[in-house]
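Data first, discussion second: the structure below is written as structure tokens.
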């Protein structure tokens with residue numbers, strides 16, 4: 001069952017199309033990743049889906065509700081954490097959570113138990129009496145995400161939720177979100193961090209210049225666009241003559257920072273590697289380290305965005 005259905009959705013500001021006729025469907029009980037560079041249209045799309053702004057064209061159904069005709073009905077069923085910091089400076093962490101529960105009419109006893117659990121889940125117990133303005137950026141971000149879980153929701157929009165978090169807090173949040181999805185929650189998740197998307201998302205859309213370039217699972221994207229492998233060879237010594245020796249190898253980059261590094265991107269990695277090794281062997285050049293790894297999601301993302309730029 002689809003939790004979000006978007007058909008030819010657009011948002012224009014004068015002659016600029018921030019979102020350009022996007023069509024997509026998000027399945028219930030999944031994490032849907034939404035990736036794109038700055039200015040690609042991610043935040044505008046989130047504002048459209050959360051009914052904060054009206055589309056210029058197209059249709060939008062959220063949880064079976066026509067979101068354009070019934071925005072308030074949608075808002076009662078969703079949670080939203082926007083990219084911009086949002087906190088009450090003078091309230092303590094526990095008072096912030098308490099206030100949020102009250103806003104959503106959560107009964108007092110339930111509010112208390114949810115608050116205590118969230119303080120533990122988000123590592124906020126030792127800061128519970130601290131005012132938000134005295135917290136670090138990462139701690140405030142954790143409060144911002146935690147308080148959204150004070151109320152029941154079917155769908156949660158998270159716009160760059162890990163901004164400001166250290167690697168440990170980031171992984172803990174992603175694991176927490178994974179667990180919540182197992183209970184039936186659907187998450188629409190935007191991020192700049194490709195490893196996050198790979199770790200968390202069931203499906204990923206890549207957007208640039210307001211248009212969706214691809215939608216698929218992380219593995220399927222890698223299979224479709226990541227046939228090439230990255231070959232990395234490190235030679236201990238500086239081998240200045242290597243440039244001329246390997247001049248016939250396509251897509252070969254060489255740097256001489258620490259010894260000599262040879263980096264090659266190729267869809268025929270095995271053949272290319274054999275050719276390079278033969279050249280090195282024939283010239284008595286010893287290898288310190290060698291690896292051939294599949295192209296990762298980050299390289300696919302960058303490649304697609306670059307191709308989209310060159311096509312315009």
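Taking the 0 to 90 degree range and rounding to the nearest ten, how far is the long axis of helix 137-148 tilted relative to the main principal axis of the chain, both from C-alpha atoms?
50
At 222 nm, what value in deg cm²/dmol follows for the chain if DSSP H runs of at least 4 each add -39500 (n - 2.57) and the sum is divided by all its residues, to the nearest 500?
-10500 deg cm²/dmol
Just to be sure I understand: with springs between alpha-carbon atoms less than 10 Å apart, which residue in 162, 61, 195 has the highest mean-square fluctuation in the Gaussian network model of the chain?
Per the Cα network of the chain with a 10 Å cutoff, 195 tops the list.
Against the longest alpha carbon principal axis of the chain, how many degrees, from 0 to 90 and to the nearest 10, is the axis of helix 93-103 turned?
With rounding to tens, the tilt is 60 degrees.
Within segment 145-163, list the residues whose amide N lies under 12 Å from a label point set 7 Å along Cα→Cβ of residue 179.
none
Among 100, 87, what is the fewest-to-most ranking by other Cβ atoms within 10 Å?
Placing the least packed residue first, the sequence is 87, 100.
Can you tell me, using C-alpha contacts under 8 Å and at least 6 residues apart, the relative contact order of the chain as a whole percent?
Relative contact order, the chain: 19 percent.
I'd like the FRET efficiency for residue 110 and residue 251, computed as 1/(1 + (r/R0)^6) with the beta carbon distance as r and R0 of 51 Å, rounded to 0.05.
The formula returns an efficiency of 0.30 here.
Semi-axes of the equivalent ellipsoid of segment 2-224: what are they in whole Å, largest first, if each equals the square root of 5 times a C-alpha gyration tensor eigenvalue?
Over the Cα atoms of segment 2-224, the semi-axes work out to 30, 20, 17 Å.
Hey, what did segment 228-294 get for relative contact order, percent, Cα under 8 Å, at least 6 apart?
50
Using a Förster radius of 22 Å, what is the FRET efficiency between residue 275 and residue 241 based on their Cβ-Cβ separation? Nearest 0.05, please.
The calculated FRET efficiency here is 0.85.
Using only Cα atoms, what is the ratio of the radius of gyration of segment 228-294 to 2.2 N^0.38 Å?
0.99
Along its principal axes, what span do the Cα atoms of segment 83-142 show, with the longest given first and each in whole Å?
Each principal axis gives a Cα extent; for segment 83-142 these are 30, 21, 21 Å.
In whole Å, how far is the Cα centre of segment 8-38 from that of segment 97-140?
32
I'd like the FRET efficiency for residue 171 and residue 293, computed as 1/(1 + (r/R0)^6) with the beta carbon distance as r and R0 of 22 Å, rounded to 0.05.
Efficiency, rounded to the nearest 0.05: 0.50.
Once both axes come from the Cα atoms, what is the angle between helix 167-182 and the longest principal axis of the chain, in degrees from 0 to 90, rounded to 10?
Long axis of 167-182 versus the principal axis of the chain: about 60 degrees.
Taking only C-alpha pairs under 8 Å that are 6+ residues apart, what is the relative contact order of segment 154-277 in percent?
18
No value in this document is a laboratory result; all are computed from the given coordinates. Everything quoted here is computed from the prediction, not taken from an experiment. Note that each Cβ is placed from the backbone with ideal geometry, even for glycine, and that neighbours are counted across all protein chains shown.
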